[in-house]
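Engineer: Below you will find the structure I want to go over with you.
Nothing in this text is a laboratory measurement; each read-out follows from the coordinates by a stated rule. It should be emphasised that the depicted structure is a prediction, and the values quoted were computed from it without experimental measurement. Heads up, the Cβs are rebuilt from the backbone with ideal geometry, glycines too, and the neighbour counts pull from every protein chain shown.
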Amino acid sequence: MKVYLNGTFVDASKASVSVFDHGLLYGDGVFEGIRSYNGRVFKLQEHLDRLHDSAHAILLKIPLSREALASAVKQSLRVNRLANAYIRLVVTRGPGDLGLDPRKCSEPTVFIIADKIELYPKRLYEEGLELVTVATQRNVPEALNPQIKSLNYLNNILAKLEAITAGFQEAIMLSPSGYVTECTGENIFTVKDRTLLTPPPYIGVLRGITRQTVMDLAARQRLKVREELLTRYDLFNAQEVFLTGTAAEIVPVSKIDGRAIGSGRPGPVTKKLQQAFRQLTRSEGVRY
Ligand code: PXG
């Protein structure tokens, strides 16, 4: 496997960054997780836009133009001969000294890992996922805005560990006032009476690209879609709940904190959206 690292392709075994890189020392950097389907990168422009917005929010200047980044992503897929892949695009503050001061970092580090996509077990999509609400609250926008896809994922990892310790695979994180935010690496939706609801970004969620894609697909299916504050009660009493994310796509939720959601099986609205999503990933994207 070849990894793009600061302008060149190097063997994966030689693709290393400095221990002085502030991405490592402080989580000072931003990233994207992107997917390709059948030789096309899905929503590439949207991912590059979000990467730039994340970088802009932390005063990090990406040393490559959008076009250069796009072509580096495509080249990573070509050199590794991958038709269906998971792509990790990372920009860090770069190597500096042991202080926090980002001005001491000479040059941002840019790397792209393109690897085979590890699909989740089929059972997950057929039976649905059981979730648990955890005590670790989602970062508040006033401190570290979850809209910034930064390299600092400890908030999410702590929540994930709580879920795992409790015997579940995924966690629901709440805001400090107890509103539903998102899972550790997926956005959340409820379905009730042909209306999709999902928490608004200001409560502290990542503006997921799959989230937006599903909102667009839902509108085309004449479903109503709204961003609204949701409580656990709203989740428990929804007809359907599902999660969205680049890696997981659309995952039905069967149970939350011991309460069955709807029939406890993937519902018709979720299934129809999954179908439309599959169709879309097959028919659009940037060719490489
Ligand atoms: N919320 C958070 C906190 C995320 O990290 C999403 C939502 C979904 O966004 P997209 O744009 O992918 O629809 C993410 C996705 C993983 C993993 O292993 C997921 C993400 C990052 C790293 C790993 O599932 N980000």
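Engineer: Under 8 Å for C-alpha pairs, at least 6 residues apart: give me the relative contact order for the chain, rounded to a whole percent.
Structural biologist: 19 percent
Engineer: Distance from a point 7 Å along Cα→Cβ of ALA57 to each backbone N in segment 172-214: keep the residues under 13 Å and list them by number.
Structural biologist: Answer for segment 172-214: 201-209.
Engineer: How far is it, in nm, from the label point at ALA166 to the one at GLN275 when both lie 7 Å from their Cα along the line to the Cβ?
Structural biologist: Output for this residue pair reads 3.4 nm.
Engineer: Additional query: Express as a percent, rounded to the nearest 5, the fraction of DSSP beta bridges in the chain (both residues included) that run antiparallel.
Structural biologist: Counting only bridges with both partners in the chain, antiparallel ones make up about 80 percent.
Engineer: Please build a GNM for the chain, connecting alpha carbons under 10 Å apart, and tell me which residue among ASN145, ASN80, ASN187 fluctuates the most.
Structural biologist: ASN80
Engineer: A further question follows. Could you calculate the FRET efficiency of SER71 with ARG282 from 1/(1 + (r/R0)^6), where r is the beta carbon distance between them and R0 is 22 Å, rounded to 0.05?
Structural biologist: Calculated value: 0.40.
Engineer: Could I ask something else about it? Could you calculate the FRET efficiency of VAL10 with ARG232 from 1/(1 + (r/R0)^6), where r is the beta carbon distance between them and R0 is 41 Å, rounded to 0.05?
Structural biologist: So the FRET efficiency works out to roughly 0.30.
Engineer: Pick from ALA163, ALA72, ALA15: which is most flexible by mean-square fluctuation in a GNM of the chain where alpha carbon atoms under 10 Å apart are linked?
Structural biologist: Ranking ALA163, ALA72, ALA15 by mean-square fluctuation puts ALA15 first.
Engineer: What whole number of Å gives the distance from the Cα centroid of segment 213-254 to the Cα centroid of segment 24-54?
Structural biologist: Cα centres, segment 24-54 to segment 213-254: 22 Å.
Engineer: Still on this structure: Please compute the modelled spin-label separation between VAL79 and PHE20, points set 7 Å along Cα→Cβ, answer in nm with one decimal.
Structural biologist: About 2.6 nm, to one decimal.
Engineer: Rg/Rh for the chain: what does it come to with C-alpha atoms and Rh from Kirkwood?
Structural biologist: 0.97
Engineer: Only bridges with both residues in segment 122-283 count here: give the DSSP antiparallel percent, nearest 5.
Structural biologist: In segment 122-283, DSSP labels about 65 percent of beta bridges as antiparallel.
Engineer: Let me ask something additional. Which value in deg cm²/dmol, rounded to the nearest 500, describes the helix-derived mean residue ellipticity at 222 nm for the chain, given -39,500 (n - 2.57) per DSSP H run of n ≥ 4 and division by the residue count?
Structural biologist: My calculation for the chain gives -8500 deg cm²/dmol from helical runs alone.
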